[in-house]
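Only one structure is covered here, and it is reproduced in the block below.
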Amino acid sequence: MDLFTDLLSPASLALAFAVVLFAGLIKGMVGFGMPMTMISGLSTIIAPDLALAALIVPTLMTNGLLALRQGWRAAWDSISRFRVFLLVGLVLLVGSAQLVAVLPSRALFLLIGAPITLFALILLLGWTPRLAARSARVEAMVGAVAGFVGGMSGVWGPPTVAYLTAIETPKQD
């Protein structure tokens, strides 16, 4: 517990827990949005690199629970179906995560905020992308964007949801 109190005052720690609880509420209501809420809320209290570190475990746990709601077999089928997206995303996520340690906070805020603002504008304008058929090339490109942004911010949901919506993926997948 000393680690937390060394980094945050009790009031800041309570505010950080409130941000995490609110992010969990959003995740429970819509199925995504927890990392975006956590990174933006926590970054107002602590440094962006610490905010990114703080969201990793809760995000992995909640995503794991959601992925396994339909059982191991359904999860494996989804992994197999979207393997190109997942593999490209993983490679870019790991690569771009290395930038967090070397980029200044202002650059991180820009790299986190610009894509989130773009995705928010797309949603506000009501544009829903549609693809006639799945394409490994498009899947790889979207996976690359999601992975790159996700590695620096922990937020890979907007491009992922846009792609899955564009190919009309059933919600359980």
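The values are calculated or read from the model by the stated rules, or taken from the named source; none is laboratory data. Since this is a predicted model, take the numbers as computed values, not measurements. FYI the Cβ positions are ideal-geometry reconstructions off the backbone, even for glycines, and counts take in every protein chain you see. Each accessible area value is taken on the protein alone, full model and side chains, heavy atoms only, with ligands, DNA and RNA left out. Shrake-Rupley method; radii C 1.70, N 1.55, O 1.52, S 1.80 Å.
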- Item | Convex hull per residue volume in Å³, alpha carbons only, for the stretch 76-172 | 96 Å³
- Message: At 0.36 nm per residue, and after removing the present C-alpha to C-alpha distance, how many nm does the segment from LEU68 to ALA136 gain when stretched out fully?
- Response: 22.0 nm
- For the pair ASP173 and ILE122, what calculated FRET efficiency results from E = 1/(1 + (r/R0)^6), where r is the Cβ-Cβ distance and R0 = 25 Å, to the nearest 0.05? 0.70
- How far, in nm, would the chain grow between PHE17 and MET61 when pulled straight, counting 0.36 nm per residue and subtracting the alpha carbon separation? 14.2 nm
- Would you mind giving the three semi-axes, in whole Å and largest first, of the ellipsoid equivalent to the chain according to its Cα gyration tensor? 28, 18, 16
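Counting only protein heavy atoms and using a 1.4 Å probe, what share of the accessible area of the chain belongs to carbon plus sulfur, as a whole percent?
73 percent
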